[in-house]
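Novice: Pasting a structure below so you can have a look.
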Amino acid sequence: MKAAFDEFIRQHKMTGSQKADGYSTHVLERLMGREKDIAFKLLEQELPWSAHWIFLIDAERAVAVLKAQEQALRGDPHGDVYMIQQNLVSYTGDLLYQKHMIEDYPNYIEKKRPLVVDAVHRTPANADTVSFFRRVILFEVNPNAVARASRHLLDSLGFSCATELSKKDYDQLTSHLRSEDDELKQKALKQIGVVA
């Protein structure tokens, strides 16, 4: 459908905040034959930022490309390979890439660390993610990463802030987990059942 391809090209050429909004799913789904090949190649050039969108064009081909990119990009402290890893987990269910995100975390520069914490949270919660969030809370110096890890740890464990009473408890726990006071952190971790 030429109209869908024209719209894809228009979105591809966008810049700034419009580009940050990404692509329209319905446009990608309506691409046909050669249009899909061209779109795939254009999205491949935008990796890792296009990791989600490239799966919508051709999931099987995307897995192969992203696995190769993940290997090539790991270890770059300024990079964004966590975007690829998160999408590989989402689309394949392979938790190896979640483990890679967690392993790679200490190598990232400070401003990337909160983004990696968020990416880990967008993968399935399990003992590895709980342990990861706990380590960030206890040992990370980046306050934004610690704040995000605190919320994500509570969310992973099913703590809610849906009611006024639970919100008060939730806010107090996150405050203690974010505190620079190690004793408060230890107490909060013990309270939520996480061994410090």
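Novice: Just give me the residues in the range 141-175 being touching a residue at least 12 places away in the same chain (Cβ under 8 Å) and charged (D, E, K, R), in sequence order.
Specialist: Once the filter is applied, which keeps residues that are touching a residue at least 12 places away in the same chain (Cβ under 8 Å) and charged (D, E, K, R), the range 141-175 yields Arg148, Arg151, Asp155.
Novice: For a quick check of your reading of the model, give me the residue pairs whose first member lies in the range 77-92 and is open to solvent by 20 Å² or more (accessible area, probe 1.4 Å), whose second is of a type in the set (A, V, I, L, M) and outside any helix (DSSP H, G or I), with beta-carbon atoms closer than 6 Å and at least 6 apart or on different chains.
Specialist: As it stands, the answer is Pro77/Ile109; His78/Ile109, since those pairs meet every condition given.
Novice: Quick one: would you say Lys19 is open to solvent by less than 60 Å² (accessible area, probe 1.4 Å) and either of a type in the set (Lys, Arg) or part of a loop (DSSP other than H, G, I, E, B) (or both)?
Specialist: Values: open to solvent by less than 60 Å² (accessible area, probe 1.4 Å): yes; either of a type in the set (Lys, Arg) or part of a loop (DSSP other than H, G, I, E, B) (or both): yes.
Against the criterion (open to solvent by less than 60 Å² (accessible area, probe 1.4 Å) and either of a type in the set (Lys, Arg) or part of a loop (DSSP other than H, G, I, E, B) (or both)), Lys19 qualifies.
Novice: A follow-up question, please. Can you pull out the residues in the range 152-180 that are out of contact with any Lys or Arg (no Cβ under 9 Å at 6 or more places or on another chain) and either part of a loop (DSSP other than H, G, I, E, B) or at pLDDT below 90 (or both)?
Specialist: Scanning the range 152-180 gives Leu157, Gly158, Phe159, Ala162, Thr163, Glu164, Leu165, Ser166, Lys167, Lys168, Asp169, Glu180.
Novice: Taking the condition of being open to solvent by less than 60 Å² (accessible area, probe 1.4 Å) and over 23 Å from Asp104 (Cα atoms), how many residues in the range 55-75 meet it?
Specialist: Number satisfying all stated conditions: 5.
The values are calculated or read from the model by the stated rules, or taken from the named source; none is laboratory data. As the structure is a prediction and not an experimental result, all values here were calculated from the model. Ideal geometry is used to build each Cβ from the backbone, glycine not excepted, and the neighbour counts take in all protein chains shown. Protein only, heavy atoms only, side chains kept; ligands, DNA and RNA dropped before computing areas. Shrake-Rupley method; radii C 1.70, N 1.55, O 1.52, S 1.80 Å.
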